[in-house]
1. Inside segment 32-82, can you point out the residues that are touching a residue at least 24 places away in the same chain (Cβ under 8 Å) and more than 18 Å from the chain's Cα centre (by Cα)?
2. Can you name the condition, by its number, that residue 77 falls short on among (1) at pLDDT below 95; (2) part of a helix (DSSP H, G or I)?
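The values are calculated or read from the model by the stated rules, or taken from the named source; none is laboratory data. Since the model is a prediction, treat every value here as computed from it, not as a measurement. Virtual Cβ from ideal backbone geometry, glycine too; neighbours counted across all protein chains shown.
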């Protein structure tokens, strides 16, 4: 027959079965690392695009000036982000 335990009894059993420090965290660590990489590279891409568009569409602005400035920011940002942390 079916087990007629209440949902709270099952939740209490799961909480009691957990032993601190026994769970693996590789998946959470990989997800956090992926999010941080997407955030930093996405921010660089948005900043470069925004600089390009601002310099292109400002009054008296030019496409070439915006393109050069956007590329310089993208290259400098890539060098900076790839250098990593120095411990």
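1. 73
2. (1)
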